[in-house]
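Have a look at the structure below before the remarks.
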Amino acid sequence: MKLRHFLSFSLLPVLGLSAAETAAPAAVDGFHYVKTVGGISEYTLEANGLDVLVLPEHSAPVVTFMVTYHVGSRNEVTGTTGATHLLEHLMFKGTPNFNRAKGNSVDQLLERVGAVYNATTWLDRTNYFANLGREHLEDYIAIEADRMRNLWLRESDRRPEMTVVRNEFEIGENNPIQALDKEIYASAYVAQPYHHSTIGWRSDIENVPIEKLRAFYDVFYWPDNATVTIIGDVDPAAALGLVKKYYGAIPKAPKPIPAIYTEEPAQSGPRRVTVKRAGQLGVVGIAYKIPSGRHSDTAALNVLGAILTSGKNSRLYRALTDKNLTTGVSADVGFFHDPSLAIIYASLAPGAKHADVEKITIDEVERLKSGGVTAAEVSSAVNQLLASSAYARDGAFAIASNLNEYIAVGDWTLYVTIDDAIKKVTAEDVKRVANTYLLEDQSTTGWFIPVLPPEAPAPVPVQPAK
Amino acid sequence: MNLSLSAFRPRLSALCLVSAVCLLGAVAHAQIAANIVRARISGIDVIAYQTGVRDVVTFRGSLPAGDSLAPPNNLAIPTLVGGMLDKGTTTEDKFAIAQKLDAVGAELSFAVDSTTVTFSGKCLRKDMPLVIGLLAEQLRSPAFSEEEFAKLKKQTAGSLQRALENTGYRAGQAFAEAVYPPGHPNYIPTTEAFLAALDTATVADLRAFHAKYYGPAALTVVAVGDLDVEDLKAEIAKAFAGWTGGVAKPVYPKATPTDADRDQSVFMPDKPNVSVIIGQTSGLKYSDPDAISLRIATTILGSGFTGRLMATVRDKEGLTYGIGSKLTNDTFADGDWRIVANFAPSLLEQGLASTRRELKAWYEQGVTPAELARTKTNLSGSFKVSLATTDGLANAILATVHRGYDLSWLDEYPQKLDAVTLDQVNAAIKKHLNPDNMVLIKAGTVPTAAK
């Protein structure tokens with residue numbers, strides 16, 4: 001059950017606060033205080049609309065600083081698929097102020113001080129982060145703020161980075177299940193941009209011109225399209241002062257950030273896809289349309305997913321894995337800004353047939369829809385999710401990386417309140433959401449069928465390396 | 001046979017600039033060893049460390065019962081014994097055990113590697129007695145039911161077959177087979193050999209292995225997090241009372257040279273990325289005196305974005321998404337040194353040429369004082385960051401024990417790094433490595449092998 005990691009992290013037990021409780025805000029000239037929930041205080045930089053979240057945590061002299069841009073692969077169109085991610089890579093190529101030749105690039109600074117840092121791109125957002133000693137925070141903020149608007153974005157950087165990203169695409173293509181997953185989403189979504197994966201189509205990765213990447217950067221990389229998060233050993237007023245010092249001079253976006261108006265048309269019947277490639281064992285994936293992560297049914301959908309696939313007592317483990325029909329089962333419950341998919345994956349054991357595994361899976365889903373679940377099943381699933389919540393508070397960086405997904409989904413306060421929502425899920429809720437969303441006419445079923453070549457080519461002896 | 005039983009990765013996992021460093025936290029701890037409580041309880045080496053985290057307890061531990069201890073007639077036995085630990089005990093079946101854990105969201109799992117069976121657990125503070133009780137029950141009294149054994153054989157065969165789809169796994173397997181002789185703990189038997197052993201294994205074999213190797217003699221239990229140390233000791237004393245047996249940690253002989261082909265391809269159709277390994281045995285255990293110098297040198301060559309390989313082969317030339325170098329498999333026995341890389345088939349030869357160019361320059365010219373200084377602060381800082389979480393601390397403590405160090409090593413490591421000189425680093429490269437005799441493995445749709 002992968003998605004519980006996105007759904008069950010709460011700060012309330014850490015801080016001993018209720019969601020309604022508020023801490024006294026830091027008073028810093030130039031910031032508008034918005035609210036405090038679960039110990040996290042939200043501010044807006046008045047000069048340019050930059051959103052800032054601050055959570056002081058003083059157990060160690062370390063701080064996580066993260067900037068989340070509200071742009072992901074959902075903002076791409078044909079010809080620019082993968083551009084968000086390619087741009088994320090190019091963000092490390094330098095600016096006139098900070099670059100490798102000067103010896104002060106982001107890589108050079110952060111590796112020298114032993115920071116953990118990186119950047120990631122997903123459907124709804126792009127984030128850049130570092131986890132480092134508090135004494136290095138100002139240096140990192142300076143670089144992060146500088147590259148918001150001053151990136152070089154040179155063709156001479158795009159060319160070698162394109163092949164780097166293409167190799168990342170190729171590594172993903174090596175995995176037949178990832179290939180199946182792309183096809184399921186591409187079939188389930190025909191209009192809405194979740195249709196294509198974040199890595200993009202190969203031809204777009206290879207050919208998107210630097211001018212389009214520049215245009216993408218100039219549309220989306222502005223302070224009023226970003227959220228800064230600071231968690232760790234900081235004084236909130238001092239941290240806000242640094243944010244103001246380095247981000248304060250950056251203007252607002254000159255034009256409104258474009259809204260996505262494309263909606264997925266209603267699906268009017270079941271869909272099927274098949275991927276045939278060289279491989280060893282088959283996979284069956286059954287995807288169902290589910291609402292946005294902000295929807296009130298999200299908690300119940302995750303409990304449902306856990307009951308179906310989490311642990312040896314889950315229904316599909318007992319029906320499939322324990323009978324040696326699968327080597328594993330899982331449910332990926334989408335947690336995204338827009339409606340997405342919950343996908344049940346069943347990975348076939350040697351000798352098992354796709355049709356048999358698909359039928360048993362659907363039979364179990366229908367049995368759950370008609371007969372419901374027991375209170376004991378709900379209790380066990382809820383406790384698993386809540387324990388995961390506690391486990392995921394293990395370090396400032398873990399908190400930041402999970403909070404990032406709630407920022408992306410469009411309401412960071414869900415990060416604080418989701419545990420309470422999970423606690424309230426009842427057996428009736430689980431049955432109701434199963435009957436609301438696990439519908440055949442809203443499903444997309446995918447099979448990965450391994451194909452063994454008629455005769456594998458014999459390796460040709462090669463000369464010993466020089 | 002260390003196989004992941006997870007069949008696939010989640011869809012759409014966020015794309016990282018480089019994926020390996022996406023999940024760390026950070027805490028810098030002062031004087032770790034002074035705050036650790038270590039005691040021998042019921043014959044077990046118990047190590048407890050209370051941290052400031054709220055409500056979470058993380059467990060790690062091991063005992064020597066890995067694949068290298070397999071009986072001569074069946075190499076699959078240690079893996080199968082480890083696989084049966086969570087399939088029910090003499091007092092309750094696997095579903096009952098899972099229900100107890102699931103009901104409180106606790107986790108407890110077992111894995112077998114070449115030298116040890118390891119366990120990993122996590123629970124809320126209040127559930128520590130439950131997890132310790134189940135750990136003892138599962139280690140001491142597996143049911144070894146015939147029905148579960150038959151299922152496990154099929155699951156293991158399935159997992160093994162699925163692993164054959166993975167270019168990285170195939171490259172690693174071929175590399176180990178090429179550089180280590182059979183009998184060395186880091187040698188990986190062929191899939192065919194393992195499947196054949198799986199077929200002939202019996203429950204009687206499993207019981208005999210369990211009786212011989214499972215016991216407190218060299219069992220280590222590490223617990224980190226929000227715990228009461230005295231309560232932990234009491235629970236362990238209760239749960240493991242009266243258990244005897246086990247064996248001391250084995251001492252392994254050094255690997256002897258092999259005459260394997262130095263350039264091998266594992267052809268796999270429909271794989272647009274080729275996994276590459278270039279390397280050799282190092283002749284060094286982690287704790288050998290030269291190892292720290294060679295680790296620093298290896299970091300300079302191939303760690304992080306500013307390492308030479310990433311800075312040139314990736315950043316400058318755009319030939320790969322990921323390339324790096326490391327010393328590995330050296331905890332209990334002498335291990336290996338390797339470069340690991342990914343290349344598209346069309347860029348494979350160019351990528352290999354660039355990699356060899358960087359390797360040659362590093363080997364022949366050594367590293368610079370500036371690189372050494374930067375790498376010392378990097379390794380020292382990242383070591384502290386790795387101790388950020390209960391998982392990181394528990395892993396580090398267990399690794400320290402496995403490597404044969406006193407726990408004070410956790411505090412002394414930064415000073416040990418600092419004491420290494422440029423001459424030591426450059427001498428270690430020359431002394432222990434020989435690029436002319438390294439093995440090259442390519443796994444995927446390798447152009448030269450596909451005719």
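The values are calculated or read from the model by the stated rules, or taken from the named source; none is laboratory data. In this text, all values refer to a predicted model and were calculated from it rather than measured experimentally. Methodologically, a virtual Cβ is constructed for each residue, glycine included, from the backbone with ideal geometry; neighbour enumeration extends over all protein chains shown.
For every residue, the table says whether it meets (1) over 23 Å from residue B:403 (Cα atoms); (2) more than 25 Å from the chain's Cα centre (by Cα).
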| position | (1), (2) |
| --- | --- |
| B:32 | no, no |
| B:48 | no, no |
| B:61 | no, no |
| B:77 | yes, no |
| B:84 | yes, no |
| B:101 | yes, yes |
| B:110 | no, no |
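Which of the residues spanning the range A:135-150 are surrounded by fewer than 20 Cβ atoms within 10 Å (Cβ to Cβ) and assigned to a helix (DSSP H, G or I)? Once the filter is applied, which keeps residues that are surrounded by fewer than 20 Cβ atoms within 10 Å (Cβ to Cβ) and assigned to a helix (DSSP H, G or I), the range A:135-150 yields A:135, A:138, A:139, A:142, A:146, A:149. Just one residue in the set B:259, B:226, B:231, B:205 is in contact (Cβ under 8 Å) with a residue 12 or more places away in the chain and within 14 Å of chain A (Cβ to nearest Cβ); that residue is B:226.
Taken residue by residue, the range A:157-173 has no member that is at the interface with another protein chain (Cβ under 7 Å from one of its Cβ atoms), aliphatic (A, V, I, L, M) and assigned to a strand (DSSP E or B). Any residue in the range A:151-161 that is closer than 26 Å to residue A:231 by Cβ and surrounded by fewer than 23 Cβ atoms within 10 Å (Cβ to Cβ)? Yes - at least one qualifying residue is present in the range A:151-161. Can you say whether residue B:284 is touching a helix residue (DSSP H, G or I) at 6+ places or on another chain (Cβ under 6 Å) and under 30 Å from residue A:106 (Cβ atoms), as far as the supplied structure shows? Judged against the criteria, residue B:284 is not a match. So, residue A:188, is that one surrounded by 23 or more Cβ atoms within 10 Å (Cβ to Cβ) and more than 9 Å from every other protein chain (Cβ to nearest Cβ) or not? In short, yes. Yes or no: the range B:274-288 includes at least one residue that is farther than 22 Å from residue B:437 by Cα, outside any strand (DSSP E or B) and either at pLDDT below 95 or within 10 Å of chain A (Cβ to nearest Cβ) (or both). Taking every residue of the range B:274-288 in turn, none turns out to be farther than 22 Å from residue B:437 by Cα, outside any strand (DSSP E or B) and either at pLDDT below 95 or within 10 Å of chain A (Cβ to nearest Cβ) (or both). No other residue among B:283, B:322, B:307 is of a type outside the set (A, V, I, L, M, F, W, C), on the phi > 0 side of the Ramachandran plot and either surrounded by fewer than 24 Cβ atoms within 10 Å (Cβ to Cβ) or more than 22 Å from the chain's Cα centre (by Cα) (or both) apart from B:283. What number of residues in the range B:131-148 are more than 23 Å from the chain's Cα centre (by Cα), away from every other protein chain (no Cβ under 12 Å) and part of a helix (DSSP H, G or I)? Number satisfying all stated conditions: 7.
The numbered conditions (1) within 11 Å of another protein chain (Cβ to nearest Cβ); (2) surrounded by fewer than 23 Cβ atoms within 10 Å (Cβ to Cβ); (3) modelled with pLDDT of 95 or more are all true for residue B:316 except (3).
Would you confirm, using the coordinates I've provided, whether residue A:307 is in a helix (DSSP H, G or I) and more than 8 Å from chain B (Cβ to nearest Cβ)?
So residue A:307 fits the description; yes.
Is there a residue being more than 20 Å from residue B:176 (Cα to Cα), of a type outside the set (Lys, Arg) and outside the structural domain of residue B:46 (by TED's automatic domain parsing) anywhere in the range B:258-271? Scanning the range B:258-271, I find at least one residue that is more than 20 Å from residue B:176 (Cα to Cα), of a type outside the set (Lys, Arg) and outside the structural domain of residue B:46 (by TED's automatic domain parsing), so the answer is yes. Name the residue, out of A:120, A:84, that is assigned to a helix (DSSP H, G or I), among the hydroxyl-bearing types (Ser, Thr, Tyr), under 19 Å from the mean Cα position of the chain (by Cα) and more than 14 Å from residue B:305 (Cα to Cα). On inspection, the qualifying residue turns out to be A:84. Assessment of the range A:329-342 against the conditions (in a loop (DSSP other than H, G, I, E, B) and either without any contact (Cβ under 8 Å) to a residue 12 or more places away in the chain or touching a strand residue (DSSP E or B) at 6+ places or on another chain (Cβ under 7 Å) (or both)) yields at least one matching residue. With respect to residue A:235, is the statement that it is within 22 Å of the chain's Cα centre (by Cα) and of a type in the set (Asp, Glu) true? Judged against the criteria, residue A:235 is not a match.
Summed over the range A:68-95, residues that are within 14 Å of chain B (Cβ to nearest Cβ) and within 23 Å of residue A:157 (Cβ to Cβ) total 19.
Would you check if there is a residue in the range B:379-390 being among the β-branched types (Val, Ile, Thr), closer than 30 Å to residue B:250 by Cα and either crowded, with 21+ Cβ neighbours inside 10 Å or in the same structural domain as residue B:280 (by TED's automatic domain parsing) (or both)? Checking the range B:379-390: at least one residue is among the β-branched types (Val, Ile, Thr), closer than 30 Å to residue B:250 by Cα and either crowded, with 21+ Cβ neighbours inside 10 Å or in the same structural domain as residue B:280 (by TED's automatic domain parsing) (or both).
Among the conditions (1) under 24 Å from residue B:254 (Cα atoms); (2) touching a residue at least 60 places away in the same chain (Cβ under 8 Å); (3) hydroxyl-bearing (Ser, Thr, Tyr), residue B:190 misses just one, which is (2). Assess whether residue A:422 counts as being crowded, with 22+ Cβ neighbours inside 10 Å, outside any helix (DSSP H, G or I) and modelled with pLDDT of 95 or more. Taking the combined requirement at face value, the residue does not satisfy it.
Taken over the range A:387-401, the criterion of being within 7 Å of chain B (Cβ to nearest Cβ), in contact with an Asp or Glu (Cβ under 6 Å, 6 or more places away or on another chain) and closer than 16 Å to residue A:420 by Cα is satisfied by A:390 alone. Checking every residue in the range A:373-395 against the condition of being in contact (Cβ under 8 Å) with a residue 12 or more places away in the chain, part of a loop (DSSP other than H, G, I, E, B) and over 29 Å from the mean Cα position of the chain (by Cα) gives at least one match. The set of residues in the range A:284-316 that are over 18 Å from the mean Cα position of the chain (by Cα), among the polar types (S, T, N, Q) and within 19 Å of residue A:420 (Cβ to Cβ) contains only A:296. Taking the range A:353-381 as the search range and keeping residues that are over 20 Å from residue A:435 (Cβ atoms) and within 9 Å of chain B (Cβ to nearest Cβ), which one is surrounded by the most Cβ atoms within 10 Å (Cβ to Cβ)? Selected residue: A:380. The conditions of being within 14 Å of chain A (Cβ to nearest Cβ), modelled with pLDDT under 95, surrounded by 18 or more Cβ atoms within 10 Å (Cβ to Cβ) and under 24 Å from the mean Cα position of the chain (by Cα) are not met by residue B:21.
Within the range A:96-120, the set of residues being under 20 Å from residue A:86 (Cβ atoms) and either at the interface with chain B (Cβ under 8 Å from one of its Cβ atoms) or of a type in the set (Lys, Arg) (or both) comprises A:100, A:107, A:117, A:118, A:119, A:120. When B:93, B:127 are checked against the criterion of being surrounded by fewer than 18 Cβ atoms within 10 Å (Cβ to Cβ), among the acidic types (Asp, Glu) and touching a residue at least 12 places away in the same chain (Cβ under 8 Å), B:93 stands alone in meeting it. On the basis of being free of Cβ contacts under 8 Å to residues at least 60 places away in the same chain and surrounded by fewer than 24 Cβ atoms within 10 Å (Cβ to Cβ), does residue A:46 make the cut? It is true that residue A:46 is free of Cβ contacts under 8 Å to residues at least 60 places away in the same chain and surrounded by fewer than 24 Cβ atoms within 10 Å (Cβ to Cβ).
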